[in-house]
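*Asks:* Pasting a structure here, questions to come.
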Amino acid sequence: MKTIIVADDHPITLNGIKSYVENLGYQVIKTCQNGSDAYQSIVELNPDGVILDLNMPIINGLEVLEKVRTTDKSIKIILYTMYHEKSFLNKAINLGVNGYLLKDFALEELSTCLQKISLDQNWFSPKLEDTLIIKKHDTEIEKILTLTASEKKILSLIAKDKNTKTIAELLFISEKTVEKHRSNIIKKLGLPNERNVLQRFALQNQIPE
């Protein structure tokens, strides 16, 4: 395995993984900051391997994996995530992932993972045995992944007890736009339209920014 595409919506993490992978002797032929760009790049460039953050804008890493696997079983795909829920690992395995890492240990274990999958061996972080747990709010986290980047940002600010006026000022948008986002978030998450429902949800769940 020689050519690799790396996708992560956080530039610092993206550049860090790119540099690390290149230092291991692999060629990073493209970096992407959203799932849609990652999928199109995979189709156009046909890399040997792909390293994907699970949580990305437009389409997430699991959706990229699923789309790729409908037409190509040979590309080696590694997913890494901040989430410790077992449901994501199970779904990734069912979709044909080759490697699966937790974000906290990604750089620490990426070298071993790449070596193993280059030998046609699937590799899953040993840390998973210690950290993976089944949580009753798995479904809530899956719903969070359907939110747009703007909606996630607003939800994270709501978790910090910011009101509509403050959010509008911080994001340089109108209060009306914030309220529209609030309404869309409530619908996507399947929540009752009642006072403080988003704040309660945000406090009970880990909201990526």
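The values are calculated or read from the model by the stated rules, or taken from the named source; none is laboratory data. Owing to the predicted nature of the structure, the values given are computational and were not obtained by experimental measurement. Cβ atoms come from the backbone with ideal geometry, glycine included; neighbour counts cover every protein chain shown. These accessible areas exclude ligands, DNA and RNA; they are computed on the full protein's heavy atoms, side chains included. Shrake-Rupley method; radii C 1.70, N 1.55, O 1.52, S 1.80 Å.
*Asks:* Just check the stretch 1-150 against the gyration tensor rule for me: Cα atoms, a ≥ b ≥ c as the square roots of the eigenvalues, rounded for a/c under 1.5, and otherwise prolate or oblate depending on whether a/b exceeds b/c.
*Replies:* Taking the square roots of the gyration eigenvalues as a ≥ b ≥ c, the stretch 1-150 is rounded.
*Asks:* I've got another one for you. Taking a quarter of the surface of the Cα convex hull of the stretch 6-94, what do you get in nm²? Present the calculation step by step, with values, prior to reporting the outcome.
*Replies:* Working: hull surface 22.2 nm².
Its average projected convex-hull area is 5.5 nm².
*Asks:* State, to one decimal in nm, how far the label point of Ile93 lies from the label point of Arg69, with both points 7 Å from Cα in the Cβ direction.
*Replies:* Rounded to a tenth, the inter-label distance reads 1.2 nm.
*Asks:* Under a point-charge model restricted to the Cβ atoms of Lys and Arg (+1) and Asp and Glu (-1), what is the dipole moment magnitude of the chain relative to its Cα centre, in debye to the nearest 20? Can you show the working numbers first?
*Replies:* Details: 27 positive and 27 negative charges, 125 e Å.
That gives the chain a dipole magnitude of about 600 debye.
*Asks:* Counting only other residues whose beta carbon sits under 12 Å from that of Ile75, what net charge do I get with K and R as +1, D and E as -1? Don't skip to the end; give the middle numbers.
*Replies:* Numbers: positive: Lys67, Arg69, Lys73, Lys76; negative: Asp48, Asp72.
My count for the surroundings of Ile75 gives +2.
*Asks:* Same structure again: Taking R0 as 30 Å, what's the FRET efficiency between Val43 and Met82 from their Cβ-Cβ distance, rounded to 0.05? Spell out each step's value before the answer.
*Replies:* Numbers: r = 27 Å, r/R0 = 0.90.
Step by step, r from the Cβ atoms, then E = 0.65.
*Asks:* Quick one: pull the percent of accessible area on the stretch 1-160 belonging to carbon and sulfur, 1.4 Å probe, ligands and nucleic acids left out. Could you put the intermediate results ahead of the total?
*Replies:* Values: 3610 of 7410 Å².
Answer for the stretch 1-160 is 49 percent, counting heavy atoms of protein chains only.
*Asks:* Report the residue, chosen from Ser36, Ser156, Ser111, that carries the largest GNM mean-square fluctuation when the chain is represented by alpha-carbon nodes joined by springs under 10 Å.
*Replies:* Most flexible of the set in this elastic network: Ser111.
*Asks:* What net charge is computed for the residues neighbouring Ala106, neighbours being all others with C-beta under 11 Å from the C-beta of Ala106, Lys and Arg scored +1, Asp and Glu -1?
*Replies:* Numbers: positive: Lys103, Lys127; negative: Asp8, Asp53, Asp104, Glu108, Glu109.
Neighbourhood net charge equals -3.
*Asks:* Counting only heavy atoms of protein chains, what accessible area per residue, in Å², does the chain have with a probe of 1.4 Å?
*Replies:* Working: 10790 Å² over 209 residues.
Per-residue value: 52 Å².
*Asks:* Would you look at the GNM of the chain, springs on alpha carbons closer than 10 Å, and say which of Lys188, Lys116, Lys103 moves the most?
*Replies:* Lys188
*Asks:* Something else about it: Set the bar at 25 Å for Cα to Cα. Now go through Lys67/Lys103; Lys91/Lys127; Lys91/Lys180; Lys91/Lys162; Lys2/Lys143 and name every pair that lies beyond it. Before the final figure, lay out the partial values.
*Replies:* Working: Lys67/Lys103 23 Å; Lys91/Lys127 18 Å; Lys91/Lys180 32 Å; Lys91/Lys162 35 Å; Lys2/Lys143 35 Å.
Violating the 25 Å Cα-Cα cut-off are Lys91/Lys180; Lys91/Lys162; Lys2/Lys143.
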